[in-house]
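Only one structure is covered here, and it is reproduced in the block below.
The values are calculated or read from the model by the stated rules, or taken from the named source; none is laboratory data. None of the values given here were measured: they were computed from a predicted structure. Here Cβ is always computed from backbone atoms with ideal geometry, including for glycine, and neighbour counts include all displayed protein chains.
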Amino acid sequence: MIDPVRRFFPLCLLAILVVGSVGCGGGSKPKLVPVAGHMTLAGQPLTAGSLSFHTDEGNPYTGDKPSCQLQLDGSFTMRTYPHGDGVPPGKYKVTLVPALAARIKKPELGDPAKTTLKIDVPDAGIADHRIDLP
């Protein structure tokens, strides 16, 4: 007689592998291109906050919005969670985190429906995009 553990072990192992592989991935990864730059306010680096890209008219991307933290020198490197560094090519509206937008007295920049900041990300990406706020 075959031990029940030995009999069902291969089936349990196969089931774990199948379930584990189905749970990983969450769909296909979008094409990401590098987007980096600097943000300034009245010529000084803008810091202590984050910025986000929201799809604009004609952009078919529907995943999580690309975002990043502003560094101490005002630099930024966009990421698209959970896929990694970069942004799917296309047109975007740019927003600041609402607390930062309020602090610099530009609350419209914290609202994707009101922001005047826009970016068109080409297939090659952008190495040093400058956003200079007056």
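At-a-glance table
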{"item": "Residue list for the range 105-121, restricted to those being of a type outside the set (S, T, N, Q) and buried (at least 16 other Cβ atoms within 10 Å of the Cβ)", "result": "Lys106, Leu109, Gly110, Pro112, Leu117, Ile119, Val121"}
{"item": "Residues (crowded, with 18+ Cβ neighbours inside 10 Å, under 22 Å from Gln44 (Cβ atoms) and among the small types (Gly, Ala, Ser)) located in the range 68-99", "result": "Gly74"}
{"item": "Subset of the range 100-134 [within 17 Å of the chain's Cα centre (by Cα), among the small types (Gly, Ala, Ser) and under 18 Å from Leu41 (Cβ atoms)]", "result": "Gly110"}
{"item": "So Pro107, is it at pLDDT 95 or above, in contact with a helix residue (DSSP H, G or I) (Cβ under 9 Å, 6 or more places away or on another chain) and not acidic (Asp, Glu)", "result": "yes"}
{"item": "Which listed residue is at pLDDT below 95 and under 17 Å from His129 (Cα atoms), from Thr95, Thr77, Thr47", "result": "Thr47"}
{"item": "The one condition in (1) buried (at least 17 other Cβ atoms within 10 Å of the Cβ); (2) touching a Leu at 6+ places or on another chain (Cβ under 8 Å) that Tyr61 fails to fulfil", "result": "(2)"}
{"item": "Residues being surrounded by 17 or more Cβ atoms within 10 Å (Cβ to Cβ) and without any contact (Cβ under 8 Å) to a residue 40 or more places away in the chain - total across the range 27-44", "result": "0"}
